[in-house]
Amino acid sequence: MWYNKKRFKNQKGHFGMKKKTVVATTLSTLLVSTAILANAVQADEVETHAAVTAPSTEVVATEATTNATSTAATTAASESATPVASSTSVVTASTAETSETPVATTSETATAAATPTTEVVTNASTSASNDTVTVLHTNDVHGRMVEDDRNGVIGDALLSGIVNDSRSKGTTLVFDSGDSFQGLPISNSSKGEDMASVMNAVGFDAMTVGNHEFDFGLDQLRRLSKQINFPIITSNVYVNGVRLFQPSTIVDKTPGVDGDEVVVIGVTTPETATKTHPRNITGVSFTDPITEVKAVVDQVESNARAEGKEYKTYIVLSHLGIDTTTPVEWRGSTLAEALSNYAPLKGKRVLVLDGHSHTLHTATYGDNVTYNQTGSYLNNVGRVVYNSDRVLSHGVISHDEAKKNYQVNPTVKAMIDDIQAKYKADSSKVVIENSPVKLSGDRMDVRVRETNLGNVVADSLLDYGQSAFTHKSNLAVTNGGGLRETIAKDKPITKGDIIAVLPFGNSVAQIQVTGQNIHDMFVKSLGSILQVDESGKTVLDENGQPLLEPSGGFLQVSGARVYYDTTLPAEKRILSIDIFDPETGSYKPLNTNETYYLVTNDFLAAGGDGYTMLGGPREEGPSMDTVFADYLTHADLSKYAVINPNSRTISISSADFAALNKKENAADPTLNPLEPVTPSTIAKDLETSKPVVSKVVTTPNGKVFFISTRSEALKETEKVTETSAQTEVLPTTGDKGSHAGLLGLGMLLTLFGLSGKHKDKEKN
């Protein structure tokens, strides 16, 4: 048989069914919802729905089928192994969702469905049967084996306690939907092997392959698959035409009982082709998710008929996600919808347990398919309880609930403590004693716009490129999706912090490119669709311009000034590109026919994230984290105080850009992007040049007012005046009238007489 069938030992509370006696199941309305993330590996991108009011969520199902295509749970009741539905259950339901409907994405912390309405379902009853099954599931853990109360991480020792508690009460299945081995330095340092050992200790029943499972290379993934003592499955990943792993497994917790077997199918995002290093997937291909899952269903059903069996429950472990930047046909929501209309699955219970987009989302498709995703980083554990008749409840166990109601497994904790000690010994080395600024690696920053962390990392590459290669580098770029952690202010920066920012082990590469390559590169970087809020309204940045949807391929840059207008079609957004000339220390307009030297990471140099226009002749350098660490030892970090400087990839309206060009003085000098900006240089400029612009930028404390001179416009500058967002509401930038009010900060108006909008093209 081509699928992998595993039999497991009996557990307490199994299905009380005799062989050949199968109770028909017709209900499948289940699923998860919760909150996620604070700092680090991210994924991915969403907004907490107003209806999600509790960190722990649960939907209690009734005998009546809720005819809603999308649900978000708000009931904060705790779930027992055999939950009892009250006579009146409150269920939240949204309007019907199709695969074309994007999820609102303004923060990565949590996601829910579109605005729900509350429906009161009466006449609920409780099944009298004693055949309950609990499904516990995770996704996008990204190496979070260690409990972290500050960031709401449950950790694997507490997860193991939850699993053991559930298994002591009845039949329990434990699954993971991918991206588990990689993510934090503590897991990356052993290339996922320590994480695999911990997952063995927890006792998973199966997992699927996420795109980041390939980050340590195909050979290492194969080694990890042999190290774990449960199946790793995926139906649509092939190596030289042969499936990498088995496409499915059958989990049977009660071999002496017929009818309770669960068919588990795995599927992996085809985006893996551009979301891991090309060298990691040599010979690997990714086929259509829906086609492959249906094919596996057909094969399983055919085998079942031949054996005289009938499977009632299918669980799809998918790593597809629901990002709006993911092609519709590759989304987990599209798969769930397709399965709800697939004839061989009619009358069966189908659970789609998804990952990849780091989303908290619950949706029901048709009358038998439920889609669940729990967020990420082990902030929550998904929990579904069902019996032979129906789904009894579905929801999540949040970090707070887990801390309150469960005990850590001391054996697993001791294992993790040993792993921590080994890692800390290597990573605790201090690179610099204190960071004077916060460097933002927040997903919703680095994947949508210029950030100070992106600038300092890119500057480290450009600095290295001035002496390390045959030719001096003109510009440097790095993908926002490769920056995975924030560096805190007023704390030491350690080796571990640097690895957390750059966890993928990439090396530095300089490639020879044409001006046309550079233009095409920025067209791709700035070509994402636009963010919208839950009401469908476009989200604006600090400059009043539409904000891009998060994309791992968004480029953080040094040595380039790219003006763009997000109100224009994607292919026409770029208004101008200036490139740094290392010989003169000035910027010159991009010449599409000229040869330039671009320093980047080897992932992008090899065409990663879809940058196929790159890939010219190249020279190799050392590891990226080493270059970054070296740069930090001599860089003036104070010049990176602005979180979102809008100085290199410059969001501006076409009208304002045209006006800016009219006022431009081409004779004004531009500055070397590697040259520090100090208070003394700014003071000198203020004495000799008329300041022409101002800007408002977002910082951890709210909005901060900045003054710039002509030569320093659109560059990281020293803070002149700061106004707390808690004491004064600042006007939206982009409104010239609002600047007059802002500049009514007496002394500044008197000194400078400012009235213009923050936008001077003359600086880095």
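The values are calculated or read from the model by the stated rules, or taken from the named source; none is laboratory data. Every value quoted in this text rests on a predicted model; they were computed, and no experiment measured them. Ideal geometry is used to build each Cβ from the backbone, glycine not excepted, and the neighbour counts take in all protein chains shown.
A few notes on this one:
- Of all residues in segment 565-607 being of a type in the set (S, T, N, Q) and within 26 Å of L547 (Cα to Cα), the one that is farthest from the chain's Cα centre (by Cα): S576
- Some residue of segment 333-355 being modelled with pLDDT under 95, surrounded by fewer than 24 Cβ atoms within 10 Å (Cβ to Cβ) and closer than 25 Å to S528 by Cα: no
- Only one of D609, D602, D581 that is out of contact with any Leu (no Cβ under 8 Å at 6 or more places or on another chain), closer than 20 Å to V448 by Cβ and of a type in the set (D, E): D609
- Selection within segment 227-283: residues that are surrounded by fewer than 16 Cβ atoms within 10 Å (Cβ to Cβ) and of a type in the set (V, I, T). The member of this set that is farthest from H356 (Cα to Cα) is V242.
- One residue stands out in segment 379-398 among those that are hydroxyl-bearing (S, T, Y) and either in a strand (DSSP E or B) or outside the structural domain of F175 (by TED's automatic domain parsing) (or both): the one that is nearest to G155 (Cα to Cα), namely S398.
- Test: residue in segment 512-522 that is crowded, with 24+ Cβ neighbours inside 10 Å, of a type in the set (F, W, Y), in contact (Cβ under 8 Å) with a residue 40 or more places away in the chain and within 26 Å of M624 (Cα to Cα): no
- Across segment 343-378, the qualifying residues are those that are among the aliphatic types (A, V, I, L, M) and outside any strand (DSSP E or B), and the one among them that is farthest from M207 (Cα to Cα) is A343.
- The condition of being of a type outside the set (S, T, Y) and within 30 Å of N211 (Cβ to Cβ) holds for only one of G608, G585, that being G608.
- Any helices (runs of 4 or more DSSP H) falling wholly within segment 586-700 and containing at least 3 residues that are at pLDDT below 80 and of a type outside the set (G, A, S): 679-688
- Some residue of segment 180-191 being over 23 Å from the mean Cα position of the chain (by Cα) and either of a type outside the set (A, V, I, L, M) or not in a loop (DSSP other than H, G, I, E, B) (or both): no
- Yes/no for E542 being out of contact with any Phe, Trp or Tyr (no Cβ under 6 Å at 6 or more places or on another chain), modelled with pLDDT under 95, not aliphatic (A, V, I, L, M) and not in a loop (DSSP other than H, G, I, E, B): no
- Only one of S528, S535 that is crowded, with 20+ Cβ neighbours inside 10 Å and in a loop (DSSP other than H, G, I, E, B): S528
- Enumeration of residues in segment 625-639 that are under 19 Å from A500 (Cα atoms) and either in contact (Cβ under 8 Å) with a residue 12 or more places away in the chain or outside the structural domain of S558 (by TED's automatic domain parsing) (or both): D625, V627, F628, A629, D630, Y631, L632, T633, L637
- Residue match in segment 204-212 (condition: aromatic (F, W, Y), over 16 Å from G505 (Cβ atoms), in contact with a Phe, Trp or Tyr (Cβ under 9 Å, 6 or more places away or on another chain) and not in a helix (DSSP H, G or I)): yes
- Residue-level analysis places K491 outside the set of residues that are surrounded by fewer than 24 Cβ atoms within 10 Å (Cβ to Cβ), over 18 Å from P645 (Cα atoms), in the same structural domain as E571 (by TED's automatic domain parsing) and under 24 Å from the mean Cα position of the chain (by Cα).
- Applying the condition of being of a type in the set (D, E) and assigned to a helix (DSSP H, G or I) to segment 292-341 and asking which residue is farthest from G375 (Cα to Cα) yields E307.
- L575 vs. criteria touching a helix residue (DSSP H, G or I) at 6+ places or on another chain (Cβ under 8 Å), over 18 Å from H277 (Cβ atoms) and hydrophobic (A, V, I, L, M, F, W, C): yes
- Any hit, segment 407-420, residues being at pLDDT below 95, out of contact with any strand residue (DSSP E or B) (no Cβ under 8 Å at 6 or more places or on another chain) and either among the hydroxyl-bearing types (S, T, Y) or surrounded by fewer than 24 Cβ atoms within 10 Å (Cβ to Cβ) (or both): yes
- Failed item in (1) within 25 Å of S507 (Cβ to Cβ); (2) surrounded by fewer than 23 Cβ atoms within 10 Å (Cβ to Cβ); (3) among the small types (G, A, S); (4) in contact with a helix residue (DSSP H, G or I) (Cβ under 8 Å, 6 or more places away or on another chain), with G454 passing the rest: (2)
- Residue list for segment 421-442, filter: surrounded by 13 or more Cβ atoms within 10 Å (Cβ to Cβ) and assigned to a strand (DSSP E or B): V431, I432, L439
- Hits in segment 464-488 (condition: more than 27 Å from the chain's Cα centre (by Cα) and surrounded by fewer than 22 Cβ atoms within 10 Å (Cβ to Cβ)): Q466, S467, A468, F469, T470, H471, K472
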